[in-house]
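The values are calculated or read from the model by the stated rules, or taken from the named source; none is laboratory data. Keep in mind that what you see is a predicted model, and the values were worked out from it rather than measured. Please note: Cβ atoms are built from the backbone with ideal geometry, for glycine as well, and neighbour counts cover all protein chains shown. Quick note on the areas: whole protein, heavy atoms, side chains included, nothing else; ligands and nucleic acids left out. Shrake-Rupley method; radii C 1.70, N 1.55, O 1.52, S 1.80 Å.
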Amino acid sequence: MELGWIVLQQTIVMFLLMAVGYTLYRLGIVTDSGNQELSRMLISLVIPAVIVKSYLVEYSAEKLAALGWSFLAALLSLILSALVCHFLYGSRRKIENMGNAFSNAGFIGIPLVTAVLGEEAVFYVSAYVAILNILQQTYGVMMMTGDRKSVRPGKVLRNPVLLAFVLGVILFVLPVEIPAILTNCVGYVANMNTPLAMMILGVYLGQSRLADIFTEKSLYVSSAVRLLLVPALTLGLLTLLPLSYEIRMAVFLASAAPAGANVAVFAKLCGLDSGHAAALVCNSTILSIGTLPVMVMIASAVW
């Protein structure tokens, strides 16, 4: 119950930060192009800094083993999510397929894990974020376009999140002492993650018609898949694996996050209905204020 209350408090804080972004956009202080630039900064700099920072800890064989288990748990949970959404939507509803297969683990998952389990737990969820980005750039792009040739391996390998994950693991394994001035700099950048991510989502909310977000019935069905069905199945999967509580909860929190904001970006690039994609993201994000605490209470009771 206490953990659910912590998650509820954190989701309310995140919602208030979204309201700040919404207000800034409505007042014309942040524009659409400005928000796109902030999004690129978040994905290219801030989230990678969060991941690298989580690996700036003392090496131990136990932590390395835990990293391996978290990687396996993340991979299996994402494959499960993708299979479920492929079965439910296939190529008929590409936006719902991608939006529900891949959560907003970077924007919302990492801040939640940090608030609930502490900054050190980002060590466990970083693999989830890295694998998610790889799958988005490969399976997601292929599914949205319907063309395997649209996948660019070079772009996948240059993904900032993946590069940050690889760099973080190298820094963790090698006996290299990073100067305090550099670790402090990385920490300052990483600390921008929660407020920046939430305000960016708030701008997305401001760009959508509220009537579309709250009156389109199909969005609620889609959000139920993303916020209830996928986390419930992931809960069962993680229970079967010999994982520590911290790894289970970190991966679970990432899997229970709302639809990933990137679905709106991919929809626009692929000539699909980006407005509908943005509405899906906003609907599931708002509803997650209620679902996340409940799902976490259920998970903490099971584990």
Can you find a residue in the range 150-157 that is surrounded by 15 or more Cβ atoms within 10 Å (Cβ to Cβ) and farther than 21 Å from L56 by Cβ?
-> yes
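To keep it simple, each residue is scored yes or no on (1) within 21 Å of Y128 (Cβ to Cβ); (2) of a type in the set (S, T, Y); (3) touching a Gly at 6+ places or on another chain (Cβ under 9 Å).
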| residue | (1), (2), (3) |
| --- | --- |
| R209 | no, no, yes |
| L229 | yes, no, no |
| T234 | yes, yes, no |
| L287 | no, no, no |
Return the total of residues in the range 270-289 being within 20 Å of the chain's Cα centre (by Cα), open to solvent by 30 Å² or more (accessible area, probe 1.4 Å) and aliphatic (A, V, I, L, M).
-> 3
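Tell me the helices (runs of 4 or more DSSP H) entirely within the range 107-215 that contain at least 2 residues that are under 15 Å from the mean Cα position of the chain (by Cα).
Details: elements: 110-117, 122-135, 141-145, 153-157, 160-173, 180-190, 193-207, 210-215.
Ranges flagged: 110-117, 122-135, 160-173, 193-207.
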When (1) modelled with pLDDT under 90; (2) open to solvent by less than 50 Å² (accessible area, probe 1.4 Å); (3) hydrophobic (A, V, I, L, M, F, W, C); (4) more than 16 Å from the chain's Cα centre (by Cα) are applied to V46, the one that fails is (4)
If only one of L229, L238, L253 is surrounded by fewer than 21 Cβ atoms within 10 Å (Cβ to Cβ) and either on the phi > 0 side of the Ramachandran plot or not in a loop (DSSP other than H, G, I, E, B) (or both), which one is it?
-> L229
Considering the range 189-217, residues that are polar (S, T, N, Q) and touching a residue at least 60 places away in the same chain (Cβ under 8 Å), and then whichever is nearest to T11 (Cα to Cα), we arrive at T194
Conditions: (1) open to solvent by 20 Å² or more (accessible area, probe 1.4 Å); (2) over 28 Å from L88 (Cβ atoms). A164 meets all but one. Number of the miss?
-> (1)
Those residues that are part of a helix (DSSP H, G or I) and either farther than 19 Å from M198 by Cα or more than 15 Å from the chain's Cα centre (by Cα) (or both), I need them from the range 290-303; list them, please.
-> G290, T291, P293, V294, M295, V296, M297, I298, A299, S300, A301, V302
